[in-house]
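Single-structure report; data block below.
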Amino acid sequence: MSEVSGDLPLDAPAGRGSAVYDDLKSRFFPTPLSGLATLAGLALAGWILWHALQWALFDAVFTGPPEACREAAGACWAVIHARWRLMFFGLYPHEEHWRSALACLLFLGVIGASCMPRLWQAGRLAVLWIAGFAGFLLLMRGGVLGLSYVPQEKWGGLTLSIFIFVATVLIGMPLAVALALLRRASLPLVARLAGLLIDGIRSLPLITILFALAVVLPILAPGALGSKLTRVILGMALFFAAYQAEIIRSGIQSLPAGQEEAAKALGLHYWRRMAKVILPQAFRRALPPTISQLAIIFMEVAMVMIVGIFDFLASGNAAYGSGEWNFANVEVYVFIALVYFVFVFSLSRYGAYLERRMRVGK
Amino acid sequence: MTAQPAIRIDRLDKFYGHYQALSQVSLSVAKGEKVVICGPSGSGKSTLIRCINRLEEHDAGTIDVLGTPLDDRTAQIDGIRREVGMVFQNFNLFPHMTILENCAMAPMLVRRQPRREAEAAAMHFLEKVRIPEQALKYPGELSGGQQQRVAIARALCMRPTIMLFDEPTSALDPEMVSEVLDVMVALAKEGMTMVCVTHEMGFARQVADRVIFMDRGTIVETAPPGAFFGNPRHERTRAFLSQVLAH
Ligand SMILES: Nc1ncnc2c1ncn2[C@@H]1O[C@H](COP(=O)(O)OP(=O)(O)OP(=O)(O)O)[C@@H](O)[C@H]1O
Ligand SMILES: [Mg+2]
């Protein structure tokens, strides 16, 4: 109530209610025919919503064995209840799941913290992320402090997906900046080579890159570039960097030439011009496509399944694929979609917040 | 040593592709001297002063700034840019930094001044251009005249020996021109070495020691303002002046 009276002047004209009514009427019922269309649309939306709710909530089964679902008409959320650990933690040893959960929460915390403008200083972010990675590896890998050792092959589920995403972006983003700057280098040979590399990677499907690094490389050069997980992350980072480099470059290209000239005239050398004047502005301008690229790469992490890495989606497949829950595949995928939605939607909203915030500093 | 000029340009050539923007330009500017450069659009005025801090590279001839020759050695160029301030037609303030940060950044990074010292100096120069109260705003929140005064303060914060101005008032609304010119006149009175590309002839009369007229990449005429405006020797100068002064 207080909100409403705060917004509306107290001495609003008496006809106000009917003004709203007139507005609604002219928008949705201007003629009998479009009035009918409006009603039909409402009815359809209501019908869909009703059935969705019936399936997802009213007729759904939330716990119990597979048999409990067989009789029910609605969704079988019991599969999530029974198998959520597999989806979140993959093949990580059951009694150590708390470590994987903690590691996942730790990363989410570090991501959340680095979203706060207060921490935006190279030093603070570096400390935060080094500590974050150290903590993550300590928890996941173990082998010290009385934690039992868990090999990388056993990592999986949502925790692994988030780890791959974060590592991809942390390696890929600096690489993208480097590629973008190299492509603008004044030495033609350097610029050409950078351009060739970027365009080359962009012409390859991610699957090809992952296959080459995960399957082909160990045959040609056994032991090169670390474990399979490491190689897959490097491949993802390379893929991400090629696209992101062009996004950053377009941001740089959109700046007036006078910005760099002014920085030169003040005696700033190349790296300082880039770090203080060009890149901060380029990133601001490139923010919307950067957020899109992050969302895309978050989804693309699911590709690692193809080279046998047990990410969130692969764990989801396993969650219903073991016989007794075979019928509940839709529920599992809806749940996975929901989790993806929460992450990517938050990312987009955060991007919108950043844009609002930066408009102030313009 | 005192006779050494601040800037010595000798038979300068500059090409953009096949187009010759400057041909055989020679010019010497003494310390403390104020030189105004004018001329029709495309005559090479900007190109000439942008060569002085090497925003453009010249193709032939030599430029010495404060006794140091300009060549490919980057360390020397950075050293010279530290001594040469520049003010642009479009201000070119950094929009993502506050006014204070715009002014204090370069002294902190290039001159290695501690933050407090750099900010105190920035406030000093912002007071000189009479906008200290805007220090915490962003460039987008200021008027054109205010932005250009900030740009002058930003250049001064580096304590330059020479100041270059490239049409500093021609992007401004008429009512803001004088506030910028006032700052430049004050700067001239303090003995700063100044090279100004401008068509503000009142300013040239008031502060210039010499006025230079350029056309088609060459210096056509050089004279003290009295002689330049009262008795121009070349036909092209006369034609140009009659156009500019007609306003
Ligand atoms: N980057 C460039 N590439 C190609 N040609 C250029 C470039 N910059 C300037 N020119 C050309 O060089 C000539 C001189 O340009 P300059 O900018 O020095 O003229 P100006 O005297 O400053 O003119 P204005 O009064 O319009 O600023 C012009 O014909 C211009 O077209
Ligand atoms: Mg010009």
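Which residue is modelled with the lowest pLDDT, if the candidates are limited to segment A:291-347 and must be charged (D, E, K, R) and buried (at least 17 other Cβ atoms within 10 Å of the Cβ)? If you could, list the steps in order and put the result at the bottom.
We begin by selecting, within segment A:291-347, every residue charged (D, E, K, R); these are A:300, A:311, A:324, A:331.
Narrowing further to those that are buried (at least 17 other Cβ atoms within 10 Å of the Cβ): A:300, A:311, A:331.
Details: A:Glu300: 92, A:Asp311: 87, A:Glu331: 83.
In this case the residue turns out to be A:Glu331.
Residue pairs whose Cβ atoms lie under 9 Å apart, sitting 6 or more positions apart in sequence or on different chains, and linking a residue in segment B:162-174 that is more than 12 Å from B:Ala151 (Cβ to Cβ) to a partner that is within 12 Å of ligand 1 (Cβ to nearest atom) and in a loop (DSSP other than H, G, I, E, B), are B:Glu167/B:Phe88; B:Glu167/B:Gln89; B:Glu167/B:Thr198; B:Glu167/B:His199; B:Ser170/B:Gln89; B:Ser170/B:Thr198; B:Ser170/B:His199.
Applying the criterion of being over 22 Å from A:Pro256 (Cβ atoms) and more than 7 Å from chain A (Cβ to nearest Cβ) to the residues of segment B:78-91, the residue that is surrounded by the most Cβ atoms within 10 Å (Cβ to Cβ) is B:Ile80. Annotation note: Cβ proximity below 6 Å between a residue of segment A:156-177 that is assigned to a helix (DSSP H, G or I) and a residue that is open to solvent by 20 Å² or more (accessible area, probe 1.4 Å) and at pLDDT below 95 (sequence gap 6+ or interchain) occurs for A:Gly157/A:Phe88; A:Leu158/A:Phe88; A:Phe165/A:Phe298. Applying the criterion of being under 13 Å from the mean Cα position of the chain (by Cα) and outside any strand (DSSP E or B) to the residues of segment B:1-51, the residue that is farthest from ligand 2 (Cβ to nearest atom) is B:Glu33. Exactly one residue among B:Leu12, B:Leu66 is more than 12 Å from chain A (Cβ to nearest Cβ) and at positive phi, and that residue is B:Leu66. Any idea which residue in segment A:71-88 is modelled with the highest pLDDT, counting only those that are assigned to a helix (DSSP H, G or I) and in contact with a helix residue (DSSP H, G or I) (Cβ under 7 Å, 6 or more places away or on another chain)? Filtering segment A:71-88 for residues that are assigned to a helix (DSSP H, G or I) and in contact with a helix residue (DSSP H, G or I) (Cβ under 7 Å, 6 or more places away or on another chain), the one modelled with the highest pLDDT comes out as A:Phe88. In segment A:148-160, the qualifying residues are those that are of a type in the set (A, V, I, L, M) and touching a helix residue (DSSP H, G or I) at 6+ places or on another chain (Cβ under 7 Å), and the one that is most open to solvent (accessible area, probe 1.4 Å) is A:Leu158.
Reported count of residues in segment B:30-47, each being within 9 Å of ligand 1 (Cβ to nearest atom) and surrounded by fewer than 19 Cβ atoms within 10 Å (Cβ to Cβ), is 3. Taken over segment B:46-62, the criterion of being at pLDDT 95 or above and more than 14 Å from every other protein chain (Cβ to nearest Cβ) is satisfied by B:Leu48 alone.
Among the residues here, B:Arg112 qualifies as on the phi > 0 side of the Ramachandran plot, surrounded by fewer than 15 Cβ atoms within 10 Å (Cβ to Cβ) and away from ligand 1 (no atom under 16 Å from the Cβ).
Here's the yes/no breakdown for (1) within 14 Å of chain A (Cβ to nearest Cβ); (2) touching a Pro at 6+ places or on another chain (Cβ under 7 Å):
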residue: B:Ser143; (1), (2): no, no
residue: B:Met158; (1), (2): yes, yes
residue: B:Leu164; (1), (2): yes, no
residue: B:Thr169; (1), (2): no, no
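Quickly run through segment A:200-248 and pick out the residues that are open to solvent by 60 Å² or more (accessible area, probe 1.4 Å) and farther than 17 Å from A:Val304 by Cβ. Selection gives A:Arg202, A:Ser203, A:Ile219, A:Leu220, A:Pro222, A:Gly223, A:Tyr243. Against the conditions (1) within 11 Å of another protein chain (Cβ to nearest Cβ); (2) at pLDDT 95 or above; (3) in contact with a Leu (Cβ under 7 Å, 6 or more places away or on another chain); (4) more than 27 Å from B:Ala204 (Cα to Cα), B:Phe94 satisfies every one except (3). Those helices (runs of 4 or more DSSP H) of segment B:122-226 in which at least 1 residues are within 13 Å of the chain's Cα centre (by Cα), considering only elements entirely within it, cover B:144-156, B:174-189. Restricting attention to segment A:276-310 and to residues that are touching a residue at least 40 places away in the same chain (Cβ under 8 Å) and over 30 Å from A:Tyr353 (Cα atoms), the residue that is farthest from the other protein chains (Cβ to nearest Cβ) turns out to be A:Gly308.
The values are calculated or read from the model by the stated rules, or taken from the named source; none is laboratory data. Keep in mind that this is a model prediction, so the values were computed, not measured. Counting neighbours? That spans all protein chains shown, and the Cβs are built from the backbone with ideal geometry, glycine included. Side chains included, ligands, DNA and RNA excluded: accessible areas come from the protein's heavy atoms. Shrake-Rupley method; radii C 1.70, N 1.55, O 1.52, S 1.80 Å.
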